[in-house]
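Laboratory data are not the source of any read-out in this text; all were calculated from the coordinates shown. Quick caveat: nothing in here was measured; it's all calculated off a predicted structure. Quick reminder, even Gly has a Cβ in these numbers, built from the backbone with ideal geometry, and neighbours come from all protein chains shown.
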Amino acid sequence: MKKYLVIGNPIEHSLSPKLHNYWLDKNKIDGNYDKKILTEEKVGEFFKSNQNISGINVTIPFKKTVLNYCTELTELALNSQSVNTITLSNEKIIGDN
């Protein structure tokens, strides 16, 4: 099963899990989408310990913070110096916007 998350703080109000789990189910994709509240101090620790996640959506206030933890950035992320989508693949953390 693939795992996906949205990270941010605050995050309680996010409807992303409801929306994405609906589409995962509707399209018969073996996956789960959840949300995770983080503090600024825990972002680095989170990336070191969560390599079994396939993708992450990033919301306020971490769109710039996560730049420091990406092993690769797309041209859009580089140009905007902001990341809102992360793909974890083959031990790479790829930031996009």
Using amide H atoms built 1.01 Å from N in the peptide plane, name the residues 5+ places from residue 35, or on other chains, whose amide H lies under 5 Å from its own. 6
Quick calc, the chain, dipole around Cα centre from Cβ unit charges on Lys, Arg (+) and Asp, Glu (-), nearest 20 debye, gives 240 debye
The chain: angle of helix 16-26 to the longest principal axis, Cα-based, in degrees nearest 10: 50 degrees
One finds the C-alpha centres of segment 78-96 and segment 34-58 to be spaced, in Å, by 13 Å
Loop-only check: which trypsin sites (Lys or Arg not before Pro) in segment 1-66 are DSSP coil with at most 14 other Cβ within 10 angstrom? 28, 64
Name the most mobile residue of 71, 59, 87, meaning the one with the largest mean-square fluctuation, in a Gaussian network model of the chain with Cα contacts below 10 Å. 71
Average Cα contact separation per residue, the chain, under 8 Å, 6 or more apart, as relative contact order %: 28 percent
